[in-house]
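K.L.:
Structure provided below as structure tokens; questions to follow.
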């Protein structure tokens, strides 16, 4: 699946002397783990980097990524379902992620913007 504009945008990360180029469209979510961040990809692999989540978020710098929790950055097109009653998000791979109450309205607004800007084309999400 190719989301508009995401296919060509890449994140450049260096780990253990190796340079990794990850397309934005390949990123499901990024999870904070102390001063490290773990990038989860659509192919099921993950990449641990020695940078904090705020730094990785600044490198991505893409409006299709939203901070849904203090420790989670999610690609909006990879959200399958949002449950505002249980404050959780389900990604396209079935993984459930906590949604912070303070981030709920921002997520609703960003999802609505995405739906209106793309008219639902290429979007894997439903808002419950």
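K.L.:
Is there any pair with a first residue in the range 47-60 that is touching a residue at least 40 places away in the same chain (Cβ under 8 Å) and a second that is part of a helix (DSSP H, G or I) whose Cβ atoms are under 7 Å apart and which are 6 or more apart or on different chains, and what are they?
P.N.:
As it stands, the answer is 60/24, since those pairs meet every condition given.
Per-residue answers, yes or no, for (1) within 12 Å of the chain's Cα centre (by Cα); (2) under 25 Å from residue 112 (Cβ atoms); (3) not in a loop (DSSP other than H, G, I, E, B):
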site	(1), (2), (3)
21	no, no, yes
38	yes, no, yes
43	no, no, no
47	no, no, yes
51	no, no, no
58	no, yes, yes
62	yes, yes, no
66	yes, yes, yes
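K.L.:
Of the conditions (1) surrounded by 15 or more Cβ atoms within 10 Å (Cβ to Cβ); (2) out of contact with any strand residue (DSSP E or B) (no Cβ under 9 Å at 6 or more places or on another chain), residue 103 satisfies every one except a single condition; which number is it?
P.N.:
Condition not satisfied by residue 103: (2).
K.L.:
What pairs come up if the first residue lies in the range 106-128 and is on the phi < 0 side of the Ramachandran plot and surrounded by 14 or more Cβ atoms within 10 Å (Cβ to Cβ), the second is modelled with pLDDT under 80 and in a strand (DSSP E or B), and their beta carbons are under 6 Å apart, counting only those six or more places apart or on different chains?
P.N.:
Every condition considered, the pairs that remain are 111/127.
K.L.:
Quick one: which residue in 31, 26 is free of Cβ contacts under 8 Å to residues at least 24 places away in the same chain and within 11 Å of the chain's Cα centre (by Cα)? Give the derivation first.
P.N.:
Details: 31 fails: free of Cβ contacts under 8 Å to residues at least 24 places away in the same chain.
Only one candidate passes the filter, namely 26.
The values are calculated or read from the model by the stated rules, or taken from the named source; none is laboratory data. Everything numeric here is computed off the predicted structure, so don't read it as measured data. Heads up, the Cβs are rebuilt from the backbone with ideal geometry, glycines too, and the neighbour counts pull from every protein chain shown.
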